[in-house]
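A quick write-up on the structure given underneath.
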Amino acid sequence: MKKIIITLDGFSSCGKSTLARQLANELNYVFIDSGAMYRAITLYFLRQHIDWQNETEAVKALGKVSLDFRYNPITGNSDMYLNDENVEALIRDMLVSENVSAVSALKAVREFAVAQQQQMGKKKGIVMDGRDIGTTVFPHAELKIFVTADPAVRVERRFKELFAKNPNITIEEVKNNLEMRDYIDSNREFSPLRKAEDAIVLDNSNLTREEQLSLALKWAREKIR
Ligand SMILES: Nc1ncnc2c1ncn2[C@@H]1O[C@H](COP(=O)(O)OP(=O)(O)O)[C@@H](O)[C@H]1O
Ligand SMILES: Nc1ccn([C@@H]2O[C@H](COP(=O)(O)OP(=O)(O)O)[C@@H](O)[C@H]2O)c(=O)n1
């Protein structure tokens, strides 16, 4: 059967990874959470105290970063590995969330991540979510979805998720982080978050996970046919 590339882009916490994972499972495709790669790079920079505004230092540090996704048989998902260490939980930390958009705005970081993402899509049969997947990484993808949801709904969803892991987190903290990242991601010079012209908009503010999947699957099957 014909294999395609499916891209999902959009603001923070609107359900992109959830939908991308669901789609990949249904279609037996590879799912790549591109945000995890930017988060892992950020974790490395923070740990090594890299002055990332210094381009030479950032490029040198990137030379020591090795990223890969490995299947986790317990969760059934793929975990992010940074230099052979499973960092899946660590990269969801608030400290990483506070710095990831600044790191992701750097030209050297984008070139580093995008080249690897394009390589992963060579054989097609892939669902990738992020901010610039339909615009920069795979501009010729067969199906592009721009996921969106009401800002208050997005804050509530992310808060619920983070609160389950850390009851000290406040809704204000989550809201501020989402607003800050959305602003930086949309206004940066290289590969800002944009809806690709040929992307379909999916507003899931009032959709269940099952409803969003069935809509997206319908679009995917129309393209695969
Ligand atoms: N349709 C939905 N209804 C309710 N919660 C959802 C829905 N889709 C995703 N979520 C939840 O919202 C949160 C953010 O989803 P996620 O997929 O991580 O978003 P993104 O990848 O866009 O940042 C997660 O806790 C996820 O389980
Ligand atoms: N393709 C991508 C994916 C993520 N990112 C950056 O990485 C951050 C974290 O991405 P993420 O997908 O994990 O974000 P959320 O799931 O928290 O919304 C984003 O806020 C962007 O700054 C990016 O620049 N380009």
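General observations
- Cβ-Cβ contacts under 6 Å between residues 6 or more apart (or on different chains), taken from a first residue in region 188-199 that is of a type outside the set (Asp, Glu) to a second residue that is within 16 Å of ligand 1 (Cβ to nearest atom) and part of a loop (DSSP other than H, G, I, E, B), are listed as SER191/ASP132; LEU193/ARG131.
- A single member of SER101, SER66, SER78 is polar (S, T, N, Q) and over 24 Å from PHE146 (Cβ atoms), and it is SER66.
- Residues located in region 110-166, provided they are more than 18 Å from ALA199 (Cα to Cα), outside any helix (DSSP H, G or I) and within 16 Å of ligand 1 (Cβ to nearest atom): ASP150, ASN166
- Odd one out for ALA164, checked against (1) surrounded by 13 or more Cβ atoms within 10 Å (Cβ to Cβ); (2) of a type in the set (A, V, I, L, M); (3) within 16 Å of ligand 2 (Cβ to nearest atom); (4) free of Cβ contacts under 8 Å to residues at least 12 places away in the same chain: (1)
- In the set (1) in a helix (DSSP H, G or I); (2) of a type in the set (Ser, Thr, Tyr); (3) within 12 Å of ligand 2 (Cβ to nearest atom), the condition left unmet by THR7 is number (1).
- Applying the set (1) under 14 Å from the mean Cα position of the chain (by Cα); (2) part of a helix (DSSP H, G or I); (3) not aromatic (Phe, Trp, Tyr) to ASP79 leaves exactly one unmet item: (2).
The rows are residues; the columns are (1) within 12 Å of ligand 1 (Cβ to nearest atom); (2) aliphatic (A, V, I, L, M).
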{"position": "MET1", "(1), (2)": "no, yes"}
{"position": "GLU26", "(1), (2)": "no, no"}
{"position": "SER34", "(1), (2)": "yes, no"}
{"position": "GLN48", "(1), (2)": "no, no"}
{"position": "THR56", "(1), (2)": "no, no"}
{"position": "GLY76", "(1), (2)": "no, no"}
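Only the coordinates and a few stated rules stand behind these numbers; no lab work does. Note that this is a predicted model, so its numbers are computed, not measured. Every residue, glycine among them, receives a Cβ derived from its backbone with ideal geometry; neighbour counts consider all protein chains shown.
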